[in-house]
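Okay, structure first, notes after.
The values are calculated or read from the model by the stated rules, or taken from the named source; none is laboratory data. Note that the structure is predicted; figures quoted are calculated from it, not measured. Note that each Cβ is placed from the backbone with ideal geometry, even for glycine, and that neighbours are counted across all protein chains shown. For the accessible areas, the whole protein counts, side chains as well, though only heavy atoms, and no ligand, DNA or RNA atoms are used. Shrake-Rupley method; radii C 1.70, N 1.55, O 1.52, S 1.80 Å.
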Amino acid sequence: FIQSNLSSSYIALSCAHGLLVRASQKKGTHTDPELDGATISSYDYNPATVVLLGEFCKLLVSLGLSLHDYSARAVVGMLSQNRELALKYIVPAILYCIYNNLMFISLANYDPASYYILMQFRVVVTGVLFQVIFKKCLTRSQWLSLLILTLGCVVRQAGLVTGVVLDGKIVTVAVQVFCSCMAGVYNEFLLKSGSLPVSVQNLFFYADSLLCNLVWLGFEGNVFKALSYESIRTTWS
């Protein structure tokens, strides 16, 4: 019952996330020739600021949950005794950093329905990775479900005349699929192999995520712009 409610909540929140991002877009004044002259969506706010604030909020929630279950001294002790986890969580943090930032680009190129249909290919890749890494054999029904999902993704992307076009938009989604699947599998491996509570392990993960997003902004040269009062005010408004 609890697992069913959690899964339903995750699906609802995920769909709402995409719809809200799409609703927050504005129409650009320039056109894309690949889209037959259609206007390109953009944002009034800095998407990198949204990602950064999201990771910061997750870190605060994880800290609150950790302090709810353990004393501050116990949390600090667990963190200091397992510092090597900070290095291990760098990998999924980098992958999710790429995934989260590319999501805004993908939702500017696709409508939410098309985007989530294409992103369902994550289930296929994750199923294969689980069978290879965790030695979990999928049933015939599960393989059939994965095949149907794959066909749905291919049909959605394929044009009636030109066929599948390997353009920048589908490559962006493909990178997202790869990052999401690899990060999810690796993150589960760390959670199952570690002895720390999940909330404490998440402290390492979200702290690394903050660091990765700051590095991302550094490469873009937008650190001060993303953290400026005006950018944060625009995001919250």
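Please go through segment 126-141 and give me each residue that is farther than 16 Å from Ser180 by Cβ and exposed (fewer than 14 other Cβ atoms within 10 Å of the Cβ), ordered by number. Answer for segment 126-141, where residues must be farther than 16 Å from Ser180 by Cβ and exposed (fewer than 14 other Cβ atoms within 10 Å of the Cβ): Val132, Phe134, Lys135, Lys136, Cys137, Thr139, Arg140, Ser141.
Would you pick out the residues in segment 182-205 that are closer than 22 Å to Lys135 by Cα and either touching an Asp or Glu at 6+ places or on another chain (Cβ under 8 Å) or part of a helix (DSSP H, G or I) (or both)?
Passing the criteria: Met182, Ala183, Gly184, Val185, Tyr186, Asn187, Glu188, Phe189, Leu190, Leu191, Lys192, Ser193.
State all residues of segment 166-180 that are open to solvent by less than 70 Å² (accessible area, probe 1.4 Å), more than 17 Å from Ala113 (Cβ to Cβ) and at pLDDT below 85; if no residue qualifies, say none. Once the filter is applied, which keeps residues that are open to solvent by less than 70 Å² (accessible area, probe 1.4 Å), more than 17 Å from Ala113 (Cβ to Cβ) and at pLDDT below 85, segment 166-180 yields Asp167, Gly168. Being under 15 Å from Glu55 (Cα atoms) and buried (at least 19 other Cβ atoms within 10 Å of the Cβ) is a description that does not apply to Tyr110. The residues of segment 19-40 that are modelled with pLDDT under 75 and part of a helix (DSSP H, G or I), listed by number, are Pro33, Glu34, Leu35.
Within segment 59-75, is there a residue that is surrounded by 15 or more Cβ atoms within 10 Å (Cβ to Cβ), farther than 25 Å from Val171 by Cβ and among the β-branched types (Val, Ile, Thr)? Yes, some residue in segment 59-75 is surrounded by 15 or more Cβ atoms within 10 Å (Cβ to Cβ), farther than 25 Å from Val171 by Cβ and among the β-branched types (Val, Ile, Thr). Of all residues in segment 191-206, those satisfying the criterion of being under 15 Å from Leu60 (Cβ atoms) and surrounded by 19 or more Cβ atoms within 10 Å (Cβ to Cβ) are Val200, Asn202, Leu203, Phe204, Phe205, Tyr206.
Considering Phe134, Phe104, the condition of being at pLDDT 80 or above and on the phi < 0 side of the Ramachandran plot is satisfied by Phe104 alone. Give segment 207-237 a look and list any residue that's at pLDDT 85 or above and open to solvent by 40 Å² or more (accessible area, probe 1.4 Å), or say none. Listed by number, the residues that qualify are Ala207, Leu211, Leu214, Val215.
When Ala183 is evaluated against the numbered criteria (1) over 25 Å from Leu87 (Cα atoms); (2) at pLDDT 80 or above; (3) surrounded by 18 or more Cβ atoms within 10 Å (Cβ to Cβ), which criterion, by number, is the only one it fails? For Ala183, the failing item is (1).
The numbered conditions (1) among the charged types (D, E, K, R); (2) over 29 Å from Leu214 (Cα atoms); (3) within 23 Å of the chain's Cα centre (by Cα) are all true for Lys88 except (2). Out of Tyr43, Tyr116, one residue alone is within 16 Å of Gln176 (Cα to Cα) and at pLDDT below 90. It is Tyr116. Could you list all residues from segment 42-80 that are over 22 Å from the mean Cα position of the chain (by Cα) and in a loop (DSSP other than H, G, I, E, B)? Once the filter is applied, which keeps residues that are over 22 Å from the mean Cα position of the chain (by Cα) and in a loop (DSSP other than H, G, I, E, B), segment 42-80 yields Tyr70, Ser71.
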